[in-house]
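Okay, so here's the structure we're looking at.
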Amino acid sequence: MTTPPELLPTTRRALLHRIAVAQSEGRAPSLVAAVARDGELVWTGSRTSVDGHGPDENVQYRIGSITKTFTAVLVLRLRDEGLIDLGDPLEKHLPGTGAGEVTIAELLAHTAGLAAETPGAWWERSPATLRPTLADVLGEQPFRHPVGRRHHYSNPGYTLLGSLVEAVRGVTWEEALRGEILEPLGLSRTSVEPQAPHAGGWAVHPYADVMLPEPSEDLGLMAAAGQLWSTTRDLTAFAAFLAGGDDRVLSADSVREMRTPAAPVLPGDWEASYGLGLQVLRRDGRTLAGHGGSLPGFVAGLWLSEEDGLAAVALANCTSGVPVSAVAADLLKIVGEAEPRIPAPWRPLTEVDSAVLELAGPWYWGTQVVALRLTADGGVDLGPATGGGRRSRFRANGDGTWTGLDGYYAGELLQAVRRADGTVSHLDLGSFVFTREPYASDAPVPGGVDPEGWRGIPQ
């Protein structure tokens with residue numbers, strides 16, 4: 001991989017200005033941020049209230065609910081290994097919880113209908129010994145909504161997923177995390193407990209420039225929902241993994257699935273959704289995936305734009321006041337607009353299957369003209385020849401068929417149907433027949449084709 005060029009001075013100043021405003025107006029003891037392009041750090045910056053002491057990209061902050069994305073990766077690994085199915089009810093693998101009817105996918109997408117928080121004392125600021133079992137985490141009435149009907153963010157839901165990982169793997173959530181994600185990806189500064197150098201958590205008085213130290217509790221069973229400490233360097237590397245996958249941890253297809261909206265959109269939130277352990281939103285014309293996080297004393301934000309090849313992270317050590325998720329998104333926008341990604345040079349394919357090349361070009365669904373194009377990865381793209389309409393990318397299955405990756409035809413099977421002499425009759429896609437001519441008379445067009453053919457208006 002070619003190292004991305006250093007950002008322009010004007011871009012770097014704009015980034016510094018954005019975090020300086022955030023730290024000053026948000027009255028954060030410190031704020032640290034970073035931007036990566038194509039997986040490589042291209043900018044880091046920080047602002048602090050302590051003269052001569054600026055945190056760098058290796059200082060740990062608590063990242064709160066960004067932890068959930070790590071937990072989701074562990075669950076998807078179980079699925080990819082065939083140990084679970086996302087449609088399985090929780091009871092199948094983790095019996096006796098009192099919430100066994102919910103599916104694993106519903107827990108990942110926060111559509112299980114579970115309560116947002118645990119019963120009893122504020123769990124983020126009280127000892128884990130108050131919640132020694134899952135029954136203490138869920139309470140006697142764990143549900144707030146019908147299962148599967150709406151998105152309702154649930155911290156206890158991710159506690160269940162952490163316990164699911166432990167039940168299936170036979171090791172602790174921390175051991176699975178370290179062996180399956182942190183070590184393979186080289187995230188040496190991400191940990192369950194703080195490791196020096198790390199920031200201390202503070203509460204800043206809302207109406208006075210004074211501070212109060214926040215307690216740092218071990219979350220116990222709730223660790224899978226928000227325990228982790230990390231750095232901007234580690235988190236931008238993790239974001240690069242979430243954009244492109246890493247076969248040592250999770251494939252590109254599986255991380256794409258994580259970034260795909262899986263929860264119903266609520267009124268007023270048409271631009272925001274939730275995938276499988278990742279928040280998904282449209283902002284400034286970009287599709288962003290990532291997660292925010294907070295625990296007493298800390299706020300965190302991580303966003304990536306696959307289209308731009310960018311990731312940004314912002315971390316601060318205050319309980320509230322700094323919209324770090326918005327700051328991270330703004331950092332992406334600054335770089336994306338000031339220094340847009342330079343496309344890779346066009347290059348012809350090194351090899352092509354003549355049977356596939358034969359399919360390239362215009363096809364007709366009824367009277368609508370679409371174009372089938374070959375892609376560099378061996379797949380195909382099918383969409384309107386001009387204008388808008390249904391468009392999907394397809395991956396090759398290795399047997400002369402393709403499966404839709406996105407858009408209307410996601411998951412649908414595309415295949416070329418050939419005549420006895422080997423020539424192509426038509427394309428079949430989810431019962432739709434695509435022909436080389438509009439309503440070709442020699443193809444099996446559903447409903448048939450009038451034998452008199454095309455004609456004008458009778459006079």
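The values are calculated or read from the model by the stated rules, or taken from the named source; none is laboratory data. Remember, predicted model here, so these are calculated numbers, not experimental data. Note: ideal-geometry Cβ built from the backbone for every residue, glycine included; neighbour counts use all protein chains shown.
Look through A14, A99, A28, A22 and report the one residue that is outside any strand (DSSP E or B) and touching a Cys at 6+ places or on another chain (Cβ under 8 Å).
Numbers: A14 fails: touching a Cys at 6+ places or on another chain (Cβ under 8 Å); A99 fails: touching a Cys at 6+ places or on another chain (Cβ under 8 Å); A22 fails: touching a Cys at 6+ places or on another chain (Cβ under 8 Å).
Only one candidate passes the filter, namely A28.
Please work out if S320 is of a type outside the set (F, W, Y), closer than 30 Å to L295 by Cα, more than 19 Å from the chain's Cα centre (by Cα) and surrounded by fewer than 21 Cβ atoms within 10 Å (Cβ to Cβ). Reasoning before the result, please.
Values: of a type outside the set (F, W, Y): yes; closer than 30 Å to L295 by Cα: yes; more than 19 Å from the chain's Cα centre (by Cα): yes; surrounded by fewer than 21 Cβ atoms within 10 Å (Cβ to Cβ): yes.
It is true that S320 is of a type outside the set (F, W, Y), closer than 30 Å to L295 by Cα, more than 19 Å from the chain's Cα centre (by Cα) and surrounded by fewer than 21 Cβ atoms within 10 Å (Cβ to Cβ).
I need the full set of residues from segment 429-445 which are closer than 17 Å to G361 by Cβ and either touching a His at 6+ places or on another chain (Cβ under 9 Å) or surrounded by 13 or more Cβ atoms within 10 Å (Cβ to Cβ) (or both), in order please. Even if it seems obvious, please write down each step before you answer.
Quick first cut of segment 429-445, residues closer than 17 Å to G361 by Cβ only: 429, 433-438, 440, 443.
Scanning segment 429-445 gives L429, V433, F434, T435, R436, P438, A440, A443.
Do we find that T236 is touching a Leu at 6+ places or on another chain (Cβ under 8 Å) and under 28 Å from E193 (Cα atoms) in this structure? Let's see the steps before the verdict.
On the way: touching a Leu at 6+ places or on another chain (Cβ under 8 Å): yes; under 28 Å from E193 (Cα atoms): yes.
When the stated conditions are applied, T236 passes them.
Do we find a residue being closer than 25 Å to R77 by Cβ, of a type in the set (K, R) and not in a loop (DSSP other than H, G, I, E, B) anywhere in segment 163-172? Write out each step before concluding.
At the first step, the residues of segment 163-172 found to be closer than 25 Å to R77 by Cβ are 163-172.
So of that shortlist, the ones also of a type in the set (K, R) come out as 169.
Next, only the ones that are not in a loop (DSSP other than H, G, I, E, B) stay: 169.
Yes, segment 163-172 contains a residue that is closer than 25 Å to R77 by Cβ, of a type in the set (K, R) and not in a loop (DSSP other than H, G, I, E, B).
Here is a check on your reading of the model: is S163 polar (S, T, N, Q), in the same structural domain as Q279 (by TED's automatic domain parsing) and more than 25 Å from the chain's Cα centre (by Cα)? Give the derivation first.
Numbers: polar (S, T, N, Q): yes; in the same structural domain as Q279 (by TED's automatic domain parsing): yes; more than 25 Å from the chain's Cα centre (by Cα): no.
When the stated conditions are applied, S163 does not pass them.
If you scan segment 335-391, which residues turn out to be of a type in the set (S, T, N, Q) and loosely packed, with under 10 Cβ neighbours inside 10 Å? So that I can check it myself, show each step before the final result.
To start, the set of residues in segment 335-391 that are of a type in the set (S, T, N, Q) comprises 350, 354, 367-368, 375, 386.
Within segment 335-391, T350, S354, T367, T386 qualify.
For segment 142-151, does any single residue satisfy the condition of being hydrophobic (A, V, I, L, M, F, W, C) and part of a helix (DSSP H, G or I)? Show your work before the answer.
If we filter segment 142-151 for residues that are hydrophobic (A, V, I, L, M, F, W, C), which is where we start, we get 143, 147.
Applying the additional criterion that residues be part of a helix (DSSP H, G or I) yields none.
For segment 142-151, residues hydrophobic (A, V, I, L, M, F, W, C) and part of a helix (DSSP H, G or I): absent.
Starting from segment 147-172, take each residue that is buried (at least 20 other Cβ atoms within 10 Å of the Cβ) and list its partners that are among the acidic types (D, E) and assigned to a loop (DSSP other than H, G, I, E, B), counting only C-beta distances under 8 angstrom and pairs at least six apart or across chains.
N155/E117; P156/E117
Could you grab the pairs with beta carbons closer than 6 Å, sequence gap of 6+ or different chains, first residue in segment 179-195 and surrounded by fewer than 21 Cβ atoms within 10 Å (Cβ to Cβ), second one outside any loop (DSSP other than H, G, I, E, B) and not small (G, A, S)?
L185/F241; S191/W229; V192/E174; P194/Q60; P194/W229
Might you check whether a residue that is at pLDDT 95 or above, surrounded by fewer than 16 Cβ atoms within 10 Å (Cβ to Cβ) and farther than 26 Å from V171 by Cα occurs anywhere in segment 120-131?
No, every residue in segment 120-131 fails to be at pLDDT 95 or above, surrounded by fewer than 16 Cβ atoms within 10 Å (Cβ to Cβ) and farther than 26 Å from V171 by Cα.
Yes or no: segment 173-182 includes at least one residue that is out of contact with any strand residue (DSSP E or B) (no Cβ under 7 Å at 6 or more places or on another chain) and not in a helix (DSSP H, G or I).
Going through segment 173-182, the residues out of contact with any strand residue (DSSP E or B) (no Cβ under 7 Å at 6 or more places or on another chain) turn out to be 173-182.
Add one more test, that the residue is not in a helix (DSSP H, G or I), and what stays is none.
No, that holds for no residue.
Find the strands (runs of 3 or more DSSP E) located wholly in segment 199-316 whose residues include 2 or more that are farther than 23 Å from G148 by Cβ, and list them. Reasoning before the result, please.
Details: elements: 202-204, 211-213, 272-274, 279-283, 286-295, 298-305, 310-316.
The qualifying strands (runs of 3 or more DSSP E) are 202-204, 211-213, 279-283, 286-295, 298-305, 310-316.
Scan segment 11-40 and report the pairs whose first residue is under 26 Å from P206 (Cα atoms) and whose second residue is acidic (D, E) and part of a loop (DSSP other than H, G, I, E, B), with Cβ atoms within less than 8 Å and a gap of 6+ or a chain change.
Pairs found: R27/D209; V32/D56; V32/E57.
With R395, R390 as the choices, which residue is more than 30 Å from T350 (Cβ to Cβ) and in contact (Cβ under 8 Å) with a residue 12 or more places away in the chain?
Details: R395 fails: more than 30 Å from T350 (Cβ to Cβ).
Only one candidate passes the filter, namely R390.
Test E106 against the stated conditions and say whether it is out of contact with any Lys or Arg (no Cβ under 6 Å at 6 or more places or on another chain), closer than 18 Å to Y274 by Cβ, in contact (Cβ under 8 Å) with a residue 40 or more places away in the chain and in a helix (DSSP H, G or I).
On the way: out of contact with any Lys or Arg (no Cβ under 6 Å at 6 or more places or on another chain): yes; closer than 18 Å to Y274 by Cβ: yes; in contact (Cβ under 8 Å) with a residue 40 or more places away in the chain: yes; in a helix (DSSP H, G or I): yes.
The answer is yes for E106.
I'm trying to understand the selection: among the residues of segment 428-440, which are in a loop (DSSP other than H, G, I, E, B) and either at pLDDT below 90 or under 20 Å from G404 (Cβ atoms) (or both)?
Initially, segment 428-440 is screened for residues in a loop (DSSP other than H, G, I, E, B), giving 430-431, 436-440.
Correct list: G430, S431.
Among the listed residues L359, L332, which satisfies the condition of being assigned by TED's automatic domain parsing to the domain that holds R395, touching a residue at least 40 places away in the same chain (Cβ under 8 Å) and not in a strand (DSSP E or B)? Explain how you work it out, then say what you get.
Working: L332 fails: assigned by TED's automatic domain parsing to the domain that holds R395.
Of L359, L332, the one residue that is assigned by TED's automatic domain parsing to the domain that holds R395, touching a residue at least 40 places away in the same chain (Cβ under 8 Å) and not in a strand (DSSP E or B) is L359.
Could you check L78 against (1) of a type outside the set (V, I, T); (2) touching a residue at least 24 places away in the same chain (Cβ under 8 Å); (3) not assigned by TED's automatic domain parsing to the domain that holds P156 and say which number it fails?
(3)
For segment 71-84, give me the residue count where each residue is in contact with a strand residue (DSSP E or B) (Cβ under 9 Å, 6 or more places away or on another chain) and either in a loop (DSSP other than H, G, I, E, B) or among the hydrophobic types (A, V, I, L, M, F, W, C) (or both).
Start the filter on segment 71-84 by keeping residues that are in contact with a strand residue (DSSP E or B) (Cβ under 9 Å, 6 or more places away or on another chain), which leaves 73, 76-77, 80.
Checking the rest, the ones that are also either in a loop (DSSP other than H, G, I, E, B) or among the hydrophobic types (A, V, I, L, M, F, W, C) (or both) come to 73, 76.
Going through segment 71-84 one residue at a time, the tally reaches 2.
From A112, A121, A135, grab the single residue that is assigned to a helix (DSSP H, G or I) and among the small types (G, A, S).
Working: A112 fails: assigned to a helix (DSSP H, G or I); A121 fails: assigned to a helix (DSSP H, G or I).
The conditions single out A135.
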